[in-house]
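> I have a structure here, written as structure tokens, and I will follow up with some questions on it.
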Amino acid sequence: MKNYAKEIDGVSRKCSRDKREYRRCKNCGILFLTSSNRKQICEKCSTYQPINTKTIICIDYGKEIEVKAWDVNTKRCKDCQLIYRKEYKKIWYKNRVDRCFLNKND
Ligand SMILES: [Zn+2]
Ligand SMILES: [Zn+2]
């Protein structure tokens, strides 16, 4: 039992010497351990390159999405894009059928 208590003591002392503290990442909001006061974003976000991305608003749902900075074609989030493609196919097919009908009437 005594050894066990010592072990606990050792661990807690080790912890109190540890200058690291939990900070909340300014970028993604997760808690991370750091000893630097200047560090405001987690390891993952600091290695991440935000320069090449931009945030746009999905034109269907208003949700913020991140796309490549040079991407000018993306206007929707993935979910809406899937729905859009399905609908687009339907409309495209319907228009084609309509045209066929018109041609027949001519
Ligand atoms: Zn982060
Ligand atoms: Zn969307």
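> May I ask you to verify whether LYS39 is surrounded by 11 or more Cβ atoms within 10 Å (Cβ to Cβ) and within 14 Å of the chain's Cα centre (by Cα)?
no
> Still on this structure, I have one more. For GLY62, which of the numbered conditions (1) surrounded by fewer than 12 Cβ atoms within 10 Å (Cβ to Cβ); (2) out of contact with any strand residue (DSSP E or B) (no Cβ under 6 Å at 6 or more places or on another chain); (3) closer than 30 Å to ARG23 by Cβ fails to hold?
(3)
> Turning to a different aspect of this structure: Considering only residues that are touching a Phe, Trp or Tyr at 6+ places or on another chain (Cβ under 7 Å) and either part of a helix (DSSP H, G or I) or more than 10 Å from ligand 1 (Cβ to nearest atom) (or both), which ones fall in region 25-43?
The answer is LEU33, GLU43.
> For region 55-74, what are the residues that are in a strand (DSSP E or B) and within 16 Å of ligand 2 (Cβ to nearest atom)?
THR55, ILE56, ILE57, GLU64, ILE65, GLU66, VAL67
Readers should treat all values here as calculations from the given coordinates under stated rules, not as data from a laboratory. All values reported here derive from a predicted model rather than from experimental measurement. Note: ideal-geometry Cβ built from the backbone for every residue, glycine included; neighbour counts use all protein chains shown.
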